[in-house]
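Novice: Dropping the structure in here first, questions after.
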Amino acid sequence: MLKARGQTPFFDVFIVFTVQWMMPLFFIISGTSAYYALSHQSWPQYLTSRVKRLLVPLLFGIFVVIAPWQVYLERISRNQYSGPFWQWYWHDYFRGWFGFGGNFAWMGVHLWYLEFLFVFSVITLPLFLHFRSPSGVRMSSALSRFLSKPGAIFLLAIPIIVCGFISKIPSIEKTILGEEGFGGWSILPYLAMFLIGYLLASNNDFTNAMERHRIVGLLMGIGLFFLGLILYMATKQWSSLTRMLVMIPLRSVLCWSCLITFFGFASRHLRFSNGFLKYANEAVLPFYILHQTIILTIGYYIIRLDTNLFVEYLIILFISFAAIIVIYELLIRRSNFLRILFGMKKLPSAKPVRIPQI
């Protein structure tokens, strides 16, 4: 939405690399979380928790400051509006759909992740309930035994590849299902990753297989990324069909290799908990909801300094991080009302102190 005056090859390559695995990682983790949620909740409780955790903060972000402010910054940065925010909000925000020439951020801008995740949680619930049945457990166990064989864990890239090809079917590509503006991927591969995340949590054999293949995944991820950069330049001369047939499988295997690396090393070295991790785990969703709005707000002013791009990046990074932590710690974390709006559980009620009778 906001762009600095300069660019560097380092940042370009870094962004391209992170796009390959960042949002897929979130959806894998979300699928894993769905498994553990259903492990101790009935399906009505599960849906209720999804509403509280995802839908409430999504609607809050769409209608109150989070998304509207980002759209406003885009309008004033492009000289499409010059008045105050609240005047723009009441008169212009609800005119037209953002992304289609209007202003109303129906997807919540960066909060589209919450919207997709809520929809995924609802439509996959019957399948997840089947996986918890005796026949579903047998199927999961058989699949885990097969994928425990050397190299077989990489076959889980196939559903991502298939969904990638489906997204390119002309009748689908022209719809929201084929749109790749959501973190660099289209919706269907994200759905596949969400389902894979659930399966990974259902059996320790999956985790053990990823741990054993973490080094191979790392080497494949690095090699495929640079191969992808080379082929991207070469495929400019190819037909769109040939480019699609080459790049979709390569990108999907690259993505899955990176995910195997992350989960494999995490399984090996991060099987512990402490006070900081518990604090950070609770802060994840508020941090995600706030981060882009805060970064764009600070960036809007910092890029006007017209200094070295790397210096601007560091200033935006540190000030944004500090601002989010302060807002979370002093406001959101301490207020039950704000905790609900940001998808958090209420603070436990203070127990009355009993005064012993004499």
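The values are calculated or read from the model by the stated rules, or taken from the named source; none is laboratory data. This one's a predicted model, so the numbers in the text were calculated from it and none came from an experiment. Methodologically, a virtual Cβ is constructed for each residue, glycine included, from the backbone with ideal geometry; neighbour enumeration extends over all protein chains shown. These accessible areas exclude ligands, DNA and RNA; they are computed on the full protein's heavy atoms, side chains included. Shrake-Rupley method; radii C 1.70, N 1.55, O 1.52, S 1.80 Å.
Novice: It is to be established whether one or more residues within region 171-184 are at pLDDT 95 or above and open to solvent by 40 Å² or more (accessible area, probe 1.4 Å).
Specialist: From region 171-184, those at pLDDT 95 or above are none; that's our starting set.
No: region 171-184 contains no residue that is at pLDDT 95 or above and open to solvent by 40 Å² or more (accessible area, probe 1.4 Å).
So that you can scan it fast, the table gives a plain yes or no per residue for (1) in contact (Cβ under 8 Å) with a residue 24 or more places away in the chain; (2) farther than 30 Å from V51 by Cα; (3) among the hydrophobic types (A, V, I, L, M, F, W, C):
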site: A280; (1), (2), (3): no, no, yes
site: T293; (1), (2), (3): yes, no, no
site: T297; (1), (2), (3): yes, no, no
site: I319; (1), (2), (3): no, yes, yes
site: R333; (1), (2), (3): yes, no, no
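Novice: Quick one: how many residues across region 229-252 are assigned to a helix (DSSP H, G or I) and either surrounded by 19 or more Cβ atoms within 10 Å (Cβ to Cβ) or hydroxyl-bearing (S, T, Y) (or both)?
Specialist: Initial filter on region 229-252 (assigned to a helix (DSSP H, G or I)): 229-237, 240-252.
Okay, now just the ones that are also either surrounded by 19 or more Cβ atoms within 10 Å (Cβ to Cβ) or hydroxyl-bearing (S, T, Y) (or both), so 232, 235, 240, 242, 248, 251-252.
Result for region 229-252: 7.
Novice: Can you tell me which residues in region 121-170 are under 24 Å from Y46 (Cβ atoms), of a type in the set (S, T, N, Q) and surrounded by 14 or more Cβ atoms within 10 Å (Cβ to Cβ)?
Specialist: S121, T124, S140, S144
Novice: How many residues are under 21 Å from the mean Cα position of the chain (by Cα) and hydrophobic (A, V, I, L, M, F, W, C) when one looks only at region 167-181?
Specialist: Looking only at that region, the number is 2.
Novice: Which fully enclosed helices (runs of 4 or more DSSP H) of region 54-129 have 1 or more residues being closer than 21 Å to I298 by Cβ? Can you show your working first?
Specialist: Working: elements: 56-63, 66-77, 85-92, 112-123.
So the answer is 56-63, 66-77, 85-92.
Novice: Another question, then. Given the criterion among the polar types (S, T, N, Q) and open to solvent by less than 30 Å² (accessible area, probe 1.4 Å), identify the matching residue among N79, N103. Spell out how you get there, then give the answer.
Specialist: Numbers: N79 fails: open to solvent by less than 30 Å² (accessible area, probe 1.4 Å).
None of the others qualify; the one that does is N103.
Novice: Residue check: is L200 at pLDDT 95 or above and within 21 Å of the chain's Cα centre (by Cα)? Quick ask: steps written out before the conclusion?
Specialist: Working: at pLDDT 95 or above: no; within 21 Å of the chain's Cα centre (by Cα): yes.
The answer is no for L200.
Novice: Do you know which residues across region 138-150 are free of Cβ contacts under 8 Å to residues at least 24 places away in the same chain, assigned to a helix (DSSP H, G or I) and farther than 14 Å from L195 by Cβ?
Specialist: Scanning region 138-150 gives R138, A142, F146.
Novice: Among the residues of region 267-315, count how many are over 24 Å from L111 (Cα atoms), in a helix (DSSP H, G or I) and open to solvent by 50 Å² or more (accessible area, probe 1.4 Å).
Specialist: Going through region 267-315 one residue at a time, the tally reaches 10.
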